[in-house]
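Input: a single structure, listed below in structure tokens.
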Amino acid sequence: MFARSESIWLRIMPLEGGIFLLASALFGGLLAITPVVSLVFLLMTVWYGVESVFRQRARHTPLLDMGIIAGGVLVWFSPGLALVAGAARAVLTGSIAFSRPQRVYFLESDPIAFWQSIGFMLIVAAALSYPAWQYWKTKYANRRTAG
């Protein structure tokens, strides 16, 4: 749909009145909801894939299991890792920028605000990583007691 959005819109543009309103609203709604639905299905796929690795099975596939677990760990910890990477980049460059409200803090001119921003990013990274840590800690604790 995204690849053909121009041709679809060219068919909607000549329409008039209520039909144009409905077609353009439906098209815009589909363009807006498709990425959200795709993300939800990706997260569900990762969730059920990881859950399947930790269940009793008749056949074991260690290489595939490690790949699924690695993907799951990456997805679970990626928000925290992205914030830590952003904080590290800010320390290396000496500036940190926020989009809302539009602010840029430089280490040279405003060190207090700069370090407060770095601290904020690291606190949020820890807050986002804590549930992931609890989930994976539980998975491996259950695996050790079961096996």
Discussion item. Between G94, G17, which is out of contact with any Gly (no Cβ under 9 Å at 6 or more places or on another chain), loosely packed, with under 12 Cβ neighbours inside 10 Å and at positive phi?
Written reply: G17
Worksheet entry | Matching entry among S38, S24 (being open to solvent by 60 Å² or more (accessible area, probe 1.4 Å), part of a helix (DSSP H, G or I) and of a type in the set (G, A, S)) | S38
Worksheet item: Scanning for something β-branched (V, I, T), open to solvent by 90 Å² or more (accessible area, probe 1.4 Å), in a helix (DSSP H, G or I) and more than 30 Å from Y48 (Cα to Cα), does the stretch 127-145 turn up at least one residue?
Response: no
Worksheet item: Has the stretch 8-16 got any residue that is without any contact (Cβ under 8 Å) to a residue 24 or more places away in the chain and within 27 Å of W133 (Cα to Cα)?
Response: no
Discussion item. If I ask for residues that are part of a helix (DSSP H, G or I) and open to solvent by 50 Å² or more (accessible area, probe 1.4 Å), which ones from the stretch 53-67 would you list?
Written reply: P62, L63, L64, M66
Discussion item. I'd like the full set of residues that are aliphatic (A, V, I, L, M) and free of Cβ contacts under 8 Å to residues at least 12 places away in the same chain, limited to the stretch 83-111.
Written reply: A85, A88, L92, A97, V104
Item to complete: Determine whether V75 is within 22 Å of A132 (Cβ to Cβ) and either acidic (D, E) or outside any loop (DSSP other than H, G, I, E, B) (or both).
Response: yes
Discussion item. Any residue that is within 30 Å of T45 (Cβ to Cβ) and either touching a residue at least 12 places away in the same chain (Cβ under 8 Å) or open to solvent by 40 Å² or more (accessible area, probe 1.4 Å) (or both) - is there at least one of those in the stretch 112-121?
Written reply: yes
Discussion item. Of everything in the stretch 68-81, what is out of contact with any helix residue (DSSP H, G or I) (no Cβ under 7 Å at 6 or more places or on another chain) and either surrounded by 13 or more Cβ atoms within 10 Å (Cβ to Cβ) or among the hydroxyl-bearing types (S, T, Y) (or both)? Give them in sequence order.
Written reply: S78, L81
Worksheet entry | Those residues of the stretch 102-118 which are of a type in the set (S, T, N, Q) and within 20 Å of V84 (Cβ to Cβ), in sequence order | Q116, S117
Item to complete: Write out, first by first residue and then by second, each pair whose Cβ atoms fall under 8 Å of each other, whose residues are 6+ apart or on separate chains, and whose first residue, in the stretch 45-70, is within 19 Å of T138 (Cβ to Cβ) while the second is surrounded by fewer than 14 Cβ atoms within 10 Å (Cβ to Cβ).
Response: F54/N142; F54/R143; I68/S52
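The values are calculated or read from the model by the stated rules, or taken from the named source; none is laboratory data. These numbers were taken from a predicted model, which means no experiment stands behind them. Note: ideal-geometry Cβ built from the backbone for every residue, glycine included; neighbour counts use all protein chains shown. We work out accessible area using only protein heavy atoms, side chains counted, and drop any ligands, DNA or RNA first. Shrake-Rupley method; radii C 1.70, N 1.55, O 1.52, S 1.80 Å.
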